[in-house]
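J.: Quick one: the structure is below, questions incoming.
The values are calculated or read from the model by the stated rules, or taken from the named source; none is laboratory data. Everything numeric in this text was worked out from a predicted model, so none of it was measured. Here the Cβ positions follow ideal geometry from the backbone for every residue, glycine too, while neighbour counts run over all protein chains shown. Each accessible area value is taken on the protein alone, full model and side chains, heavy atoms only, with ligands, DNA and RNA left out. Shrake-Rupley method; radii C 1.70, N 1.55, O 1.52, S 1.80 Å.
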Amino acid sequence: MGEAQRRLLGYRSALLEPPMAVPSVSTLLTARLVEAVRVAGLDGYDIAVERLAPTSKAGFGDYQSNHAMRLAKAVGQPPRVVAERIKQALEADEAIARVEVAGPGFLNLHLKDEWLCQRLALQCEDPAGGVEDSGQGRTVVIDYSSPNVAKRMHIGHMRSTIIGNALHRLYQASGWTVLADNHIGDWGTQFGMLIVAWRRWLDPVAFEADPVGELERLYVAFREAASGDAGLEDLARQETARLQAGDPDNQTLWKRFVAISMAEFQGVYDRLGVQFDMTLGESFYNPELPGVVESLLGSGLAEESEGAVVVRFAEDAAEKSVRGRTLVIRKQDGAFLYGTTDLATIEHRLASWAPARAVYVTDGRQQLHFQQVFAAWKAWRQARGLDPQAIELVHTWFGTLKLPEGMMSTRKGNVIRLVELLDEAVRRARAVVDEKSPSLDEAERASIAEAVGLAAVRYSDLSQNPQSDVIFDWDRMLAMDGNTAPFLLYSYARCRALQRKGEVQQPGVQALAVSHPLEAALVRQLLRLPDVVAAATEGHRPNLLCDYLFDTAQAFNRFYYEQKVLQAESEALRASRLALVEASARVMGRGMELLGLRPLGRM
RNA sequence: GCAGCCAUAGCUCAAUUGGAUAGAGCAUCGGACUACGAAUCCGAAGGUUAGAGGUUCGAUUCCUCUUGGCUGCGCCA
């Protein structure tokens, strides 16, 4: 079966099966294109039917197809002739006002306003907001945030937390069963150091005031002391070994460190609206690690080398970046590494939940590591006679966040704490709220500032391509003008303000109609939400949704500026424009929620 | 040395993954409020998409090379 037919069947079944209550405009039009190609007698060629997309320019109609140009060579006819044949078969459609063949063979579809308004009403009344549930029946594990115990979260943890959480929300919206796992760093040699430092240098008063801050200070103090005293390192190793052997005193201390740290993390998560389904840190997998190494040794994939156990990748390995490299899974001293843990983690996830996919949201510097782990795991599965494709492993990495002076380092102490960043954001938002909305009472202004400030931080991170590096800059991170979260929030609040002022009891979208080009543009823009969410989810790119929401807010503001809503020229116009306001609010509100921004009725 | 990522307006970034005349924000300049919220809107100016080849109807996007930058590469995570 060719790709075209596969896709064709996919679209057809998608239209017939009940779970997808409201197909998007592009889904409907693509299905109609497939049908038109068939009617025109042009099917049967093994050419993928590309999804119809909005045109790049308003003058080219509403949606365009480039299919004729792809088909031309296979058919052996000029693209414009092919386009004409498809056009004939397409024009009878109830949704389509007219079709134009343009340029080398573009099919430009002009759609009927009435039909689009009907689609928008259906989209808005759909509980899912018209977002197609393409993940229905599938489970995805999303591994994100993953801070280290005994350290306060700094801005280096921000991207994984914010991007990971946006992906979490996007996957849920697309119908996936999502299991969010916070794979915290709660195990390893640093605990021996901390235990030594705790017993020697703990400042109980400082600990009382800021527990995790004191743990951090102890860690730094240890590093400093150890640089002039090799004996300390040995001591730390002994304590780590004791901890791992189950020594009760060390276990108690370790558990305390973990609990204290989790409480601190939770404060940040609560503010950011981040929730995990589970927090299975490195320590959780500890009992499995000897078995992992034994199994890899037994299957011949791992070997001993210089006292350690390593997996070597062949020079002709399928994954180019892994060729000739080695992954150490047990150190000379018998300790395991995080690669070992990652292998055990995949096994555990597969055995427990059988997810179709696992997504790791980390810094791009870990690319090689994950490629090695994934390759090793697949080889290991194969060696055991198991399906190496049982789970789709995806490392969705993001660019490094750097300070202008260079890399951040806990050891050097040049970190900006996440809490500081959030507080500063709220402070700056508060100044703007006080200036713009002095009439609101103190409590409401505080609440608005919290939402606006946090939204600004979040949006500044989400609104660019995740994979580009970021140089940290206060003013940029906390900007409140232009393409920022406050602009989106403001646009949404305007909708709600109109409804308050108009005393609209139950805002609805049934009266939707178009009476002006700006309204036509807004309706079309609002209808794109489902496709954008799908693209942002599959591409792991929340910035696509940010771009879309910014465009949507601009389209709304243009409409708002130009058209009277409450004082419309007639009752019918007032009703249709109020419906358009409600539709805008629903689309913008839903989009913001998918990014983790809390829409405000007033600001 | 090997591998990965990147180079687009003065600055920060987009470009529906190969589509039509490369778009936004900020900054600059010029306009629009006795107000359905100006945290807004309209306009101007700003480009050889690092460079050179190639693939094809069509390239910012794919391939090769060059230049320049970031990152990673056996016992940290």
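J.: Hey, any idea what % of chain A's accessible area is carbon plus sulfur with a 1.4 Å probe? Walk me through the numbers before you get to the answer.
T.: On the way: 13160 of 26490 Å².
It is 50 percent, rounded to a whole number.
J.: Post the alpha-carbon centroid distance, segment A:68-122 to segment A:255-320, in whole angstrom.
T.: About 52 Å separates the Cα centre of segment A:68-122 from the one of segment A:255-320.
J.: Right, another one. Can you run the Rg to Rh ratio on segment A:255-408? Use alpha carbon positions and the Kirkwood inverse-distance Rh.
T.: Value, to two decimals: 0.99.
J.: Turning to a different aspect of this structure: Give the angle, between 0 and 90 degrees and rounded to the nearest 10, that separates the Cα long axis of helix A:230-245 from the longest principal axis of the Cα atoms of chain A.
T.: Relative to chain A, helix A:230-245 is tipped by roughly 70 degrees.
J.: Does anyone have the angle between helix A:418-436 and the longest principal axis of chain A? Alpha-carbon axes, 0 to 90°, nearest 10?
T.: Approximately 40 degrees, to the nearest ten.
J.: Run through segment A:410-519 and list the trypsin sites (Lys or Arg not before Pro) located in a DSSP loop whose Cβ has at most 14 other Cβ atoms within 10 Å.
T.: Values: sites: A:411, A:412, A:417, A:427, A:428, A:430, A:436, A:445, A:458, A:476, A:494, A:496, A:500, A:501; in loops: A:411, A:412.
Filter output for segment A:410-519: A:411, A:412.
J.: Taking a label point 7 Å from the Cα of residue A:275 along the Cα→Cβ vector, which residues of segment A:156-192 have an amide N closer than 15 Å to it?
T.: A:165-166, A:168-170, A:172-173, A:178-182
J.: Could I ask something else about it? Binning at 5 angstrom from zero up to the longest distance, how are the C-alpha pair distances of segment A:40-110 distributed in percent?
T.: Computed distribution, short to long bins: 3, 18, 29, 28, 16, 6, 1.
J.: Place a +1 charge on the Cβ of each Lys and Arg in segment A:305-463 and a -1 charge on the Cβ of each Asp and Glu, then give the dipole magnitude about the Cα centre in debye, rounded to the nearest 20.
T.: Details: 22 positive and 21 negative charges, 135 e Å.
With Lys and Arg at +1 and Asp and Glu at -1, about 640 debye.
J.: Alpha carbon centre of segment A:556-590 versus segment A:352-384: separation in Å?
T.: 49 Å
J.: What's log10 of I(q)/I(0) for chain A at q = 0.06, 0.10, 0.11 Å⁻¹, Debye sum over Cα points only, no solvent?
T.: The computed values of log10 I(q)/I(0) come out as -0.41, -1.01, -1.14.
J.: Right, something else. Can you return the aspartates and glutamates within cross-link range of residue A:320? Criterion is Cα-Cα under 20 Å, with same-chain partners fewer than 8 residues away left out.
T.: Filter leaves A:392.
J.: Once label points are set 7 Å from the Cα along Cα→Cβ at both residue A:434 and residue A:535, what is their separation, rounded to one decimal in nm?
T.: 4.2 nm
J.: Loop by DSSP (not H, G, I, E, B), at most 15 other beta-carbon atoms within 10 Å: where is the longest site-free stretch of chain A for GluC sites (Glu not before Pro)? Let's see the in-between values first.
T.: Details: sites that count: A:50, A:91, A:94, A:306, A:315, A:319, A:405, A:503, A:569.
The longest such stretch corresponds to A:95-305.
J.: About the Cα centre of chain A, how large is the charge dipole given +1 on each Lys and Arg Cβ and -1 on each Asp and Glu Cβ? Please answer in debye to the nearest 20.
T.: Details: 67 positive and 77 negative charges, 244 e Å.
Dipole size: approximately 1180 debye.
J.: Given the Cα atoms of segment A:470-512, and with Rh set as the inverse mean 1/r over their pairs in the Kirkwood sense, what is Rg to Rh to two decimals? Could you put the intermediate results ahead of the total?
T.: Working: Rg = 16.2 Å, Rh = 12.9 Å.
My calculation of the ratio gives 1.25.
J.: Also, quick follow-up: Size of segment A:113-187 along its principal axes in angstrom, Cα-based, largest extent first?
T.: Rounded to whole Å, the extents work out to 59, 28, 13 Å.
J.: So between residue A:312 and residue A:21, what do we pick up on full extension, going 0.36 nm a residue minus the alpha carbon distance?
T.: Details: separation 291, 0.36 × 291 = 104.76 nm, distance 4.99 nm.
So the chain would gain 99.8 nm between residue A:312 and residue A:21.
J.: Find the all-direction average of the projected area of the Cα convex hull for segment A:363-461, expressing the result in square nanometres with one decimal place. Please report the intermediate quantities before stating the final value.
T.: Working: hull surface 41.4 nm².
One quarter of the hull surface, i.e. the mean projection, equals 10.4 nm².
J.: I would also like to ask the following. With a 1.4 Å probe and every protein chain left in place, work out the accessible area per residue of segment A:246-395 in Å², rounded to a whole number.
T.: Details: 7140 Å² over 150 residues.
On a per-residue basis, 48 Å².
J.: A further question on this structure: For segment A:418-595, what are the per-bin percents of Cα-Cα distances with bins 5 Å wide, up to the bin holding the maximum?
T.: Bin by bin from 0 Å, the calculated values are 1, 8, 16, 18, 18, 15, 12, 7, 3, 1, 0.
J.: When a/c is below 1.5 the answer is rounded, else prolate if a/b is larger than b/c, else oblate, so apply that to segment A:56-210 with a ≥ b ≥ c taken from the square roots of the Cα gyration tensor eigenvalues. Don't skip to the end; give the middle numbers.
T.: Details: a/c = 4.03, a/b = 3.01, b/c = 1.34.
Here segment A:56-210 falls in the prolate category.
J.: Toward the positive end of the charge dipole of chain A, about the Cα centre and with charges on Cβ (Lys, Arg +1; Asp, Glu -1), which of A:83, A:182, A:154 goes farthest?
T.: With unit charges placed on the Cβ atoms, the residue in question is A:83.
J.: Let me ask something else. Gain in length, residue A:383 to residue A:602, computed as 0.36 nm per residue apart minus the alpha-carbon separation, to one decimal in nm?
T.: Numbers: separation 219, 0.36 × 219 = 78.84 nm, distance 6.03 nm.
Taking 0.36 nm per residue and subtracting the Cα distance, the gain is 72.8 nm.
J.: Which residue, chosen from A:522, A:451, A:537, occupies the Cα position most advanced towards the positive end of the dipole of segment A:418-595, where the dipole is computed from +1 (Lys, Arg) and -1 (Asp, Glu) charges on Cβ about the Cα centre?
T.: A:522
J.: Can you tell me the 0 to 90 degree angle between the C-alpha axis of helix A:211-227 and the longest principal axis of chain A, rounded to 10?
T.: Taking the Cα atoms of chain A, the angle to A:211-227 is about 50 degrees.
J.: Could you tell me which of the pairs A:331/A:402; A:57/A:402; A:255/A:331; A:57/A:112; A:436/A:564; A:73/A:112 are separated by over 29 angstrom between their Cα atoms in the structure shown?
T.: On the way: A:331/A:402 31 Å; A:57/A:402 38 Å; A:255/A:331 25 Å; A:57/A:112 18 Å; A:436/A:564 23 Å; A:73/A:112 32 Å.
Too far apart for the 29 Å limit: A:331/A:402; A:57/A:402; A:73/A:112.
J.: Looking at segment A:14-92, which trypsin sites (Lys or Arg not before Pro) are in a loop (DSSP not H, G, I, E or B) and have at most 13 other Cβ atoms within 10 Å? Could you put the intermediate results ahead of the total?
T.: Details: sites: A:32, A:38, A:51, A:57, A:70, A:73, A:80, A:85, A:87; in loops: A:51, A:57.
Here the trypsin sites (Lys or Arg not before Pro) that fit, given the DSSP loop and packing criteria, are A:57.
J.: Oh, and also: Return the tail of the calculated pair distribution for segment A:171-292, meaning the percent of Cα-Cα pairs more than 21 Å apart.
T.: Numbers: 3636 of 7381 pairs.
Value for segment A:171-292: 49 percent of Cα pairs lie more than 21 Å apart.
J.: Mind checking the dipole of segment A:257-382: about its Cα centre, +1 per Lys or Arg Cβ, -1 per Asp or Glu Cβ, Debye to the nearest 20?
T.: Values: 12 positive and 16 negative charges, 77 e Å.
So the dipole magnitude of segment A:257-382 works out to roughly 380 debye.
J.: I'd like the distance separating the alpha-carbon centroids of segment A:331-347 and segment A:467-523, in whole Å.
T.: So the two Cα centres are separated by 48 Å.
J.: I've got another one for you. Give me the number: length gained by fully extending residue A:45 to residue A:332, i.e. 0.36 nm times residue separation minus the C-alpha to C-alpha distance, one decimal in nm.
T.: Values: separation 287, 0.36 × 287 = 103.32 nm, distance 5.94 nm.
Computed gain between residue A:45 and residue A:332 is 97.4 nm.
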